Amino acid sequence: LDRASGRLYFWPPSDPAQARVEISMLAGPLIQIEGASHILIERLVLELGRFHGVTVSGGERCLLAGCTLRRLGGDAVQISGGASHGILGCDLEELGRGGARINGGARATLVPGGHFIENCRVRDFSRVDRTYTPAVWMEGVSNRISHNLFHDSPCSAIRLEGNDHLVQFNDIHRVLLETDDQGGLDMHFNPTYRGNVLRYNFWHDIGRGGVPCGQAGVRLDDAISGVLIYGNVFQRCSHALFGGVQIHGGKDNILDNNLFVDCPWAVSFSLWSNDRWPAFLGEAARRGDLHTNAAYQARYPALARLAAEPYVNSVWRSLVLNCGGFLTRDR
């Protein structure tokens, strides 16, 4: 690209006379829905946008079903606010950023969002912005990621923030092909992100190794607490210092009835120093990141002991096959 002259030079990979060459001039989303409800977008192919494919803000019960969104410069779908919007049976592929960015529900009051992405395939994403652009970035309260196939990306497949999300029956593989210090699913930085459930997922062939820090199937980073990881299969998704599941400084997490296969380590835990947990809680409180109001105390009784017994997590009923070890780092 010669920016001074505004000229783009293209070296064709094959005979250009037999090719179809397409360049988008559309800078905004292909479809924008604002404050509307009960809209169905079904069996369309949406492609060749420079930015996002479909954006939905406010409203309720809009559904994107059986569509293909591909060759987009931004995210395939963005859902912000509203209630009970869904992405069902769609293919999201060849994306400059991520698959779906979904934010719904009110964290302060734990009002659920009810958004979902289900039975979708998201592949070949993060092609331009190669980090922190996962297949699904989900925030808020009580949203769902289920029965999806996520694969082929330099970065993670799922970023989860908020409370009471359900991640179930997903197949995640061939992600973290470039990035270090991440997991196929990443959570980060807030011990009042409670009630999240990761169950019956297949995490396999994640990361390539050769990294200094680590790559994991699931990574609970910087004080993430109160997550239930139940009935998952972790196969070939442990590299460097991380196990198939990596916990960094959190508490009250439960790993129950999981299968670990062909991993150097099944579970790894990074212990913080004795003074780091109270210092972290104090700083988070000053920032206003911690929610410990009556709604939270009623929903999550363990929050009454947030400052007590840090770093206590439970690992039950695991089956570990052909792994280098069960627990590593601080055991």
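The values are calculated or read from the model by the stated rules, or taken from the named source; none is laboratory data. For clarity, every value in this text was computed on a predicted model and none was experimentally measured. No Cβ is skipped: glycine too gets one built from the backbone with ideal geometry, and neighbour counts run over all protein chains shown. Surface areas here come from the heavy atoms of the whole protein model, side chains and all, with no ligands, DNA or RNA. Shrake-Rupley method; radii C 1.70, N 1.55, O 1.52, S 1.80 Å.
Could you look through segment 279-331, keep only residues that are free of Cβ contacts under 8 Å to residues at least 12 places away in the same chain and part of a loop (DSSP other than H, G, I, E, B), and pick out the one that is surrounded by the fewest Cβ atoms within 10 Å (Cβ to Cβ)?
Pass one, segment 279-331, residues free of Cβ contacts under 8 Å to residues at least 12 places away in the same chain: 279, 282-283, 285-288, 294, 297-298, 301, 304-305, 308.
Filter again for part of a loop (DSSP other than H, G, I, E, B), leaving 288, 308.
On the way: Gly288: 7, Ala308: 10.
Selected residue: Gly288.
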Pair list, Cβ under 7 Å, 6 or more apart: segment 26-44 residue part of a loop (DSSP other than H, G, I, E, B), other residue among the charged types (D, E, K, R) and modelled with pLDDT of 95 or more: Leu26/Arg50; Ala27/Arg50; Ser37/Glu60; Ser37/Arg61; His38/Arg61
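For (1) open to solvent by 80 Å² or more (accessible area, probe 1.4 Å); (2) modelled with pLDDT under 95; (3) under 24 Å from Gly81 (Cα atoms), each residue gets a yes or a no:
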site	(1), (2), (3)
Leu1	yes, yes, no
Ser5	no, no, no
Pro13	yes, yes, no
Ile23	yes, yes, no
Ala27	no, yes, yes
Ile33	no, no, yes
Leu48	no, no, no
Gly53	no, no, yes
How many of the residues making up segment 240-278 are open to solvent by 60 Å² or more (accessible area, probe 1.4 Å), closer than 19 Å to Gly226 by Cβ and either of a type in the set (Gly, Ala, Ser) or at pLDDT below 95 (or both)? 3
Out of everything in segment 223-239 that is assigned to a strand (DSSP E or B) and farther than 17 Å from Arg174 by Cα, what residue ends up being farthest from the chain's Cα centre (by Cα)? Tyr230
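I need the full set of residues from segment 137-193 which are aromatic (Phe, Trp, Tyr) and under 16 Å from Ser225 (Cβ atoms), in order please. Steps first, please.
Step one: of segment 137-193, the residues aromatic (Phe, Trp, Tyr) are 137, 150, 169, 189, 193.
Within segment 137-193, Phe189, Tyr193 meet the criteria.
Quickly run through segment 76-118 and pick out the residues that are over 15 Å from Ser142 (Cβ atoms) and open to solvent by less than 10 Å² (accessible area, probe 1.4 Å).
Quick first cut of segment 76-118, residues over 15 Å from Ser142 (Cβ atoms) only: 76-78, 80, 87-101.
Passing the criteria: Ala76, Val77, Ile87, Cys90, Leu92, Leu95, Gly96, Gly98, Gly99, Ala100.
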Test set (1) touching a His at 6+ places or on another chain (Cβ under 8 Å); (2) among the charged types (D, E, K, R); (3) over 22 Å from Thr179 (Cα atoms) - Arg123 fails condition number: (3)
Can you tell me which of (1) in contact with a His (Cβ under 6 Å, 6 or more places away or on another chain); (2) farther than 17 Å from Glu93 by Cα; (3) among the small types (Gly, Ala, Ser) is the one Gly35 doesn't meet? (1)
